[in-house]
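J.: Encoded as structure tokens, here's the structure I'll be asking about.
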Amino acid sequence: MSDTYSPIPELNLLKEFDDQCADFYSPGFELREYNNDSSWLESENPEFDDRVIPFAKATTSGSFYALWRCDDRADLATLSVLFFGDEGDLYVAAHDLRDLFWDLLDEEFDGPPPTRQTYVDTRQAYLTWLKEPTNRSSN
């Protein structure tokens, strides 16, 4: 059995960064077990469920992110990222994983951003990580 988090190099790099973090780098975002299991879904459409790969919590209230296998492309990092809201929302949150990674820097949530120093430091480390050449997309 492999120690690799996922079959997607970009997610594996984020997981390596995430494992070193002392705090959240985006409010509500939390990597979960990567799987191709639709047990997170409560859909009555198994054909759709089979094309969704959950990988992260999006909010503290139960929303989550999933890759949408809209076709059979080999590079899973280029798949659209869906947002499944805890109140039934469903929409495309990002064109691909790299877009989602940058979107995680947006501070759109209720209330002011946390001011604890570990959060501020972790956010700065995340921005630095995103800018590293090995973590940038070729776009």
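Coordinate-derived values only; no laboratory data. Values in this document were obtained by computation on a predicted structure and should not be read as measured data. Positions of Cβ are backbone-derived with ideal geometry, glycine not excepted, and every protein chain shown enters the neighbour counts.
J.: Mind giving me the nanometre distance, one decimal, between the label points for GLU30 and THR118, set 7 Å out from Cα along Cα→Cβ?
T.: 1.4 nm
J.: 5 Å is the cut-off here: which amide hydrogens, built 1.01 Å from N in the peptide plane, fall below it relative to ALA56, excluding neighbours closer than 5 in sequence?
T.: Amide H to amide H, under 5 Å and 5 or more residues apart or across chains, ALA56 pairs with ARG32, TYR65.
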